[in-house]
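Worksheet: one structure, shown below.
All of the numbers you see were taken from the coordinates with simple rules; none came from a lab. Model, not experiment: these values are computed from the prediction. Cβ placement follows ideal geometry from the backbone for every residue including glycine, while neighbour counts extend to all protein chains displayed.
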Amino acid sequence: MNKTYSAKPVDVTRRWYVVDASELPLGRLATQVATLLTGKGKPQFTKHIDCGDFVVVINADKLVVTGDKLEQKTYYKHSGFPGGLRETTLKAQMAKDSTMPVFKAVRGMLPVNKLRDERLKRLKIYAGAEHNHEAQKPETLSLALKGSK
């Protein structure tokens, strides 16, 4: 009789990946990064154990979106006071902080549970092409769409 495998926290080995944000549209990038952070591609994936990897996203300032999302996509925040709703378009947010749309998209793709904050700590987002994680020897992961040039 075979037993079901359940990973233990000491069994988890984490790898480092570098992903270029200028290769894919925002939503497709976020789903791929969220999959890497959760560790769903690993054979030892266990739902209640954090098996994911570290992901470094570069070129967030060259983010690709389709259609009219630059002008139409809005981000909301509320101060908690009456009339305190603030909205910002994607274009204005990219001018202010280009890493925030990537962070919010990936955060929205992760399951809402006790592991989400720890997974988000392993996500490193940089506006330019340079990052300071060369010591970890990250692998460059090309997520370009199949059939696109």
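What is the magnitude of the charge dipole of the chain about its Cα centre, with +1 placed on the Cβ of each Lys and Arg, -1 on the Cβ of each Asp and Glu, and no other charges, expressed in debye to the nearest 20?
Numbers: 26 positive and 15 negative charges, 104 e Å.
Taking the Cα centre of the chain as origin, the dipole is about 500 debye.
Which of rounded, prolate, oblate describes region 19-93, given a ≥ b ≥ c as roots of the alpha-carbon gyration tensor eigenvalues and a/c under 1.5 marking rounded, otherwise prolate only if a/b is larger than b/c? Display every interim value, and only then the final one.
On the way: a/c = 3.10, a/b = 1.55, b/c = 2.00.
Oblate, since a/c reaches 1.5 and b/c is not below a/b.
Give me T4, T74, T13 ranked fewest to most by other Cβ atoms within 10 Å of their Cβ, as a rough exposure proxy.
Values: T4 5, T74 12, T13 8.
Going from sparsest to densest Cβ surroundings: T4, T13, T74.
Specify which labelled value, from (i) 0.98; (ii) 1.03; (iii) 1.32, agrees with Rg/Rh (Cα atoms, Kirkwood Rh) derived from the coordinates of the model shown.
Of the labelled values, this structure produces (ii).
V18's amide H: which non-local residues (gap 5+, or another chain) put their own amide H closer than 5 Å, with H modeled 1.01 Å from N in plane and none for Pro or chain starts?
V56, E139, T140, L141
Okay, helix-only estimate at 222 nm for the chain: each DSSP H run of n ≥ 4 adds -39500 (n - 2.57), divide by all residues, round to 500 deg cm²/dmol; what do you get?
Numbers: 5 runs with 40 residues, N = 149.
Helices in the chain give a 222 nm mean residue ellipticity of -7000 deg cm²/dmol.
Based on alpha-carbon centroids, what's the gap between region 77-131 and region 18-51 in Å, whole number please?
Spelled out, the Cα-based centre of one part sits 16 Å from the other.
Give the percent of DSSP beta bridges with both residues in the chain that are antiparallel, rounded to the nearest 5.
Numbers: 5 of 17 bridges.
If I count the DSSP bridges inside the chain, around 30 percent turn out antiparallel.
Please go through the residue pairs K3/K124; K42/K91; K47/K104; K3/K40; K62/K137; K8/K77 and name each one whose alpha carbons sit more than 28 Å apart in this structure.
Numbers: K3/K124 37 Å; K42/K91 36 Å; K47/K104 22 Å; K3/K40 20 Å; K62/K137 24 Å; K8/K77 38 Å.
Over 28 Å apart, Cα to Cα: K3/K124; K42/K91; K8/K77.
Shape of region 90-149 from its Cα gyration tensor (a ≥ b ≥ c, root eigenvalues): rounded if a/c is under 1.5, otherwise prolate when a/b > b/c, or oblate? Write out the running numbers ahead of the final one.
Working: a/c = 1.25, a/b = 1.09, b/c = 1.16.
Rounded.
Projected onto the charge dipole of the chain (+1 at Lys/Arg Cβ, -1 at Asp/Glu Cβ, origin at the Cα centre), which of N2, F45, M109 gives the Cα projection farthest towards the positive end?
N2
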